[in-house]
Every structure is written in structure tokens, then in C-alpha cells.
1. Among the residues of region A:165-201, count how many are closer than 28 Å to A:PRO238 by Cα, within 12 Å of chain B (Cβ to nearest Cβ) and either surrounded by fewer than 18 Cβ atoms within 10 Å (Cβ to Cβ) or acidic (Asp, Glu) (or both).
2. Considering region A:380-397 alone, what residues qualify as being among the charged types (D, E, K, R) and open to solvent by 60 Å² or more (accessible area, probe 1.4 Å)?
3. I'd like to verify a number: residues in region A:260-284 that are modelled with pLDDT of 95 or more and more than 7 Å from every other protein chain (Cβ to nearest Cβ), how many?
4. What number of residues within region B:48-86 satisfy the criterion of being open to solvent by 70 Å² or more (accessible area, probe 1.4 Å), among the charged types (D, E, K, R) and under 30 Å from A:GLY270 (Cβ atoms)?
5. Does any residue in region A:308-326 that is outside any loop (DSSP other than H, G, I, E, B) come within less than 7 Å, Cβ to Cβ, of a residue that is aromatic (Phe, Trp, Tyr) and more than 7 Å from the ligand (Cβ to nearest atom) six or more places away or on a different chain, and which pairs are these?
6. Among the candidates A:GLN54, A:GLN27, A:GLN65, which residue alone is closer than 20 Å to A:MET273 by Cα and in the same structural domain as A:LEU297 (by TED's automatic domain parsing)?
7. Quick one: count up the residues across region A:331-352 that are farther than 14 Å from A:GLU123 by Cβ and either within 14 Å of the ligand (Cβ to nearest atom) or at pLDDT 80 or above (or both).
8. Looking for whichever is within 16 Å of the ligand (Cβ to nearest atom) and out of contact with any strand residue (DSSP E or B) (no Cβ under 6 Å at 6 or more places or on another chain) here; the options are A:LEU198, A:LEU163. Which one fits?
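The values are calculated or read from the model by the stated rules, or taken from the named source; none is laboratory data. In this text, all values refer to a predicted model and were calculated from it rather than measured experimentally. Positions of Cβ are generated from backbone atoms using ideal geometry, with glycine treated the same way; all protein chains shown enter the neighbour counts. The protein model used for the area step is the full one, side chains on, heavy atoms only, and it has no ligands, DNA or RNA in it. Shrake-Rupley method; radii C 1.70, N 1.55, O 1.52, S 1.80 Å.
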Amino acid sequence: MNTEKNFRGQRHPDFPVAAKELLQDVQLRQNVRHATDVITAKRAHVVDEMQDWQTLRDAGSAVRQNALDHLDRYLTQFEEACIRAGGQVHWAIDAAEANRIAIELVQAHAAKEVIKIKSMTTEEIGLNDALAQVGIHAHETDLAELIIQLGKDKPSHIVAPALHKNRQQVRAIFQREMELPELGDRPEDLTEAARVFLREKFLRIPVAISGANFLVAETGGVCIVESEGNGRMCLTLPRVLIAIAGIEKVIPKFRDLEVFLQTLPRSATGERMNPYNSLWTGVYPGDGPQEFHVILLDNGRSEILGDAEARQTLKCIRCGACQNACPVYRQTGGHAYGSVYAGPIGAILTPQLDRFRQSASLPYASSLCGACYEVCPVKINIPEVLIHLRGQIVREEQETFAGKIGPWNVGMQIAASLFASGDRLALAQYLGRIGQKPFVASSGFIEHLPFQLGGWTQTRDLAPLPAQSFRQWWAQREKTAENSTHTKAGGQS
Amino acid sequence: MEPARQAILERIRSAHALRSATGRHDSGASYDAISRAYQRAGSLQNTERVELFEHRLKEYDAGVHSASTEKIADAVKEILANRGRRNMVAPSGLPAAWLPEGFTFTLGDGITANDLDHFDGVLTGCTLAIALTGSIVLQSGAGQGPRRLSLIPDYHLCVVLAEQIVETVSEAFDRLGPTATLPTTFISGPSATADIEMTRIKGVHGPRFLDVLIVQDKNRIG
Ligand code: SF4
């Protein structure tokens, strides 16, 4: 199946189509469920022990909000401080421009290979493909990303991109790609193989590309949070480092990290602190890359900023907790979303970044149960944004001619006119009761609706219209009450 | 590049203006008014704080040891002997009194990454440690070295003085403020991954073995 990244203008199927295919992949569902269960339990444990969790969420939300309120000021402040510390800052309007800048920087060093730290942002802009087109190979260095890259697969989760692969599947990939026929399948064997495979690259390749978790306006510092040490390798060993960060990643002050370095690891991997956090500012003599670039990427973000309801999307710190909490994600895994950002955050972020061009089905990939909002460490009200985006999609569709005459709009117009008048509603209900007769199954439920309406009954049965409407029952009840003072207000037939 | 900078900043500013113009200005608190009701200051006594730190370290599967100030070299000797590590590298500025006899300690500041790969391990101090999260924090400089030093060798022994241990993450940031721009690494346990079936496996690319020696003088009320 084809679930290509939509930011690159390639086709990918709508969520319902992709989800249906993936639901049939039993192995994938088992792996996803196991992984999300484990992280969810760990997260609950380390969140519950924090008595100040809610106040940390409040502070985190307020800090991110403040950063967005004054984004222009904080970005220029970051730029100035970073340059003062010996860094170089570039700005990119869109994916193409960011890729072009990165390619030029790599080519300036005549490098044919780069090492990379996992980054959703570089996934978003399709950097690896862009590099490959000019003959530069990007080596992913996170274990999960390595599994994905060698397996020619796609990431399925923000924090654990390979959670859909189990150890036997990983072993098969490593045996083939690293030419290690004797490799065992214990996780220890697999990590050892990755350690040896990548160490040679860390020591040899002179250019690294990373994302960034936080940009600190006050100091010009950059923070990256990771587990394996591959991040530290990329951030310290090469001569040249290029960090590509969305413009929303900036936070006002150094001390704000005290909030996010508590909420991010606990939300993301269920740890009190992840093994490594790296913080650096520009270039430091004798320690780390002596040439450092930051590429600040807009790619649709500034437009989201103008939408009062949806701009909270940009507060996201990419912890992935909403994915693990989401009943839809837990059933389908990340690939069904057909986008780099999956789960609840993907359902609100992706359609906004690509202006609904290819992802208009994503805001519907949710049951609005609210679990994502509850776990979000920066209190993004995801259900609220989802509803807002659904409204936008419907409004935009209505603007087009096809939308105007489409069944959805016509149906809504008819419904509006029916509900506006009691008589017309009564007539419609009468006709409906007659019209539904052929569709009511022996179970007493409607299992298949005809034509366009079939979508509703694909996954659920529909209770038929009752023999008596509420209005009829109410009218009759009043009549009966007049006749008998002792009639109980029983249910409808 | 300049046009992109100008265009992005203008887009951001017009987005702000758009929200204000439509009366949908939902700006939050000014920076100074942001409520920080979370627990910034710790509440534990010294011994409890050290115990919490030890406990957290053990949960990460780090080795935990303790010694008094005069006994640091003895403790280092015992730990290294048990680990079978002889050929060590160390940053400049490490107190000579910490280094036991019978081991080699090579000054590591100028050693290339390739050569660091051949040592048995590294001995460093730290800037501070955080009890609540079991973290040690290293910054570029005396006794801690450049970042590659504590990264490439497969074994790391870190000496932490009891007075360097704070309880909360916020207290750590209060202390780090003045040196915020130095290259800084928070280390919480040995390098690990949970990327295969969500099992935490020690050691991918960073040191697979981490020992922490906590230096505490019991008779001193700190
Ligand atoms: S929306 Fe919230 S919970 Fe989801 S990834 Fe972003 S910060 Fe985490």
C-alpha cells in the first residue's frame, strides 16, 4: 500500500482506506497495542508521583502560549544570541527552501554522507529524499530510525517510530542489511549490532543534521532530548552541525527548560528523565562542531498562528502522549494517518500544515473522547481544535460548486429545512418509517444503509426510527394524562 | 536568505494583527505573570536528598558508591578494580587526590574521538546532580572535559560531592543560570533504548556502564 508523506505532494490514501487495510495486519496491531500499553503504564506511574503535575502543565502551557504570542520577538532574540555565540541562522519559508539550504551547506563541505538524529521536522520536509536526489546519503542513527531506514519503512510514532516492528522482524532486517547471518534476536544482540554498525560512521562522517526540541531565545541555546547517545555523537563529533527547527520551537528563557525537562520525558517515554539531554549555544572552542547552523522553518506555521482557535496546535512539544492515549491510534497505528505526524496531534497539525490539500479526512480520525487533552503536557485542547477544523473543512467544501451540489451539503440543507418546521419534520419521520422497512434486519437494527449512506453502517448498526416519534409520544402522553391521573410516564414503544 | 527572514517575520506579525483585528485576541499571560505554582524548591533534609538520588540512580541501573572526602582515591581504586578497568582517560582540572595508584589516567582534553575509542573508561566530576530525577549534569570545563570525553569510552565513573546534589529540576536551573551557555549534558543512567518492543536495553552509543561515587562526610552537617 502507499502511504507516502503528503508534504511532498505525493498521493496517499484517505485515513478510512488506509486504516481498513492496516486493521487487517494483525502483527502490526499487536505490536502497536503492546508498545502503547507499556508506555501508557510507565507514564501513569511517573506522572502520578508528581504532586505538582497539573501546575507543571499549567506553566508549560502558559510558557508555550507566551512564546507564540511574541514569536517574532523571541525568534529575532534567538537569532541574535545564536550569532553572537558563533552560530549561523537561516530562515526557510517552506520545505523546499529548507532542503535547498541544507543541501548547499552539506555540499560546501563536499560531503557525500551525513549522520542524522531523529527529527519529525526533517521527516516533514522530506530531507532524506532531497539529499538523496543530489547524491548525499543520510544515515539515520536512532535505533528505531535505523530499523525504519534499513527496512525501507516509515515511522509510525513520534517517540518510538519503530514500535510496529517486533524483534524477529528487526533481526531479519539487520541480518539482511548489515550482512550478519548469525545475528541473534535478543534486544541486546540487536542493539550491539547497531552500536558497531554506527560507531564507524560517527567517527568518520564530518556533517550532522539534527532537529531541535527547544530553542532558547534568551541565550541562543539549543536543547535536544534523547536516549541512546546517538544524539550526543552527532552533536559533538562532526565538524559541522546543521539543526533544522520549526519556528514554533522557541521558548523565552533558559529557566523555562525546568518545566519542559520535567514534563517531556515523563510524558514521552514514562521516564523521570531520559538518559541524555544536550544543551549548547553556538560554537564552543575545543568542544563540539566548530561550524553550527540553525535553519528556522516556517512551512505553514505562521498561517496557523493567525487562527485563534487552532493556534494552540503550535504549543506542541512532540511528546507523543496523545498518540498512546488515543483509542483510534491504538487500533490503527501511525501509518493509517498517511502523514508524518500521526495520532491526535497529527490529526490537527497535518491538515493545517498542508491546508487540507491531502489530509482533509484526518480531523475525522478521532472519537473526540478527550483522552489526548487530558494527557497533553502543554494542555492543547485537541478535541476543540478537531471540531474547529471539521467546521473549516465543511465550510470550504460548501464554497465549491461540487460541494454545493454534493450529497453531504444537500442533505444538510434538507435537514436544516426539516428541523426548522415541526410539520415538515413530522412528515419526514412518517415517510422515513415507511421507507426504512426494507432495511431493518431481523436483529431489529439497520445493518446496511443504501447508497452514500452506507458509510455510516459499515462499522455500526443503526437503530431504526421508532414506531412512534417523541413528538407523537408526548402528544399522546398528554392525552392519556388527561384521561388517567395515574399513568406512569413509561418509555416509548 | 534575507527575503525569507523578512517574509516569515511579516507573516507572524500579520497573524498577530489578524487575531487582534477579529477580536479573537487570545493572548496569554505576560511572561512575568506566568504562574509557576509547581514545586520549585526542595523540601528534603540532606541525608534524605542523597538517599533519593541513590535510589533513582539504582532504578536506572547505574552503580552507586559512597566515600568520605579523604577516601575518594581508595573508593575509585576499588570501583575500577571491580570493573576491571585500568587504562582510563580523565579531563584536566580533576583533583590529583582522586586518582589512585596502579592505574593509568591519561589527560583527555586534546585526545581525538578516534583515540578515545581505545580507552577502558573515563573518570570525571560534575557541575551538579538532581536527586528527583537521578541525573548528573556535566558542563564543558575543569574536571569535566569536553563532551566527547564522557561519551566515547564505554565506561563512565562520575564523582559527585554531596553538596552538588540538589533536589528539584528547578533548583538545578537556578544553579546553572550563570553558566547557561556552556555545552551542557544531563546524564540519567547509562545510555539506553526502548526501541525494540519497548524493553529498556542498556547501552547503545553512550557508555554502557555508569558508576556514581557520592562523596559525603557523615560527621559534617552540610
Ligand atoms: S499534542 Fe500534547 S500530548 Fe500530543 S504530542 Fe503534542 S504535546 Fe504531546
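1. Counting residues in region A:165-201 that are closer than 28 Å to A:PRO238 by Cα, within 12 Å of chain B (Cβ to nearest Cβ) and either surrounded by fewer than 18 Cβ atoms within 10 Å (Cβ to Cβ) or acidic (Asp, Glu) (or both) gives 8.
2. Across region A:380-397, the qualifying residues are A:GLU384, A:ARG395, A:GLU396, A:GLU397.
3. The qualifying residues number 8.
4. Total satisfying the criteria: 6.
5. Cβ pairs passing all conditions: A:GLN323/A:TYR329.
6. On the way: A:GLN27 fails: closer than 20 Å to A:MET273 by Cα; A:GLN65 fails: closer than 20 Å to A:MET273 by Cα.
Result of the check over A:GLN54, A:GLN27, A:GLN65: A:GLN54.
7. Narrowing region A:331-352 to residues farther than 14 Å from A:GLU123 by Cβ: A:331-333, A:336, A:343-344, A:347-348, A:351-352.
If we keep only those that are either within 14 Å of the ligand (Cβ to nearest atom) or at pLDDT 80 or above (or both) too, we end up with A:343-344, A:347-348, A:351-352.
Summing the residues that are farther than 14 Å from A:GLU123 by Cβ and either within 14 Å of the ligand (Cβ to nearest atom) or at pLDDT 80 or above (or both) in region A:331-352 gives 6.
8. Only one candidate qualifies: A:LEU163.
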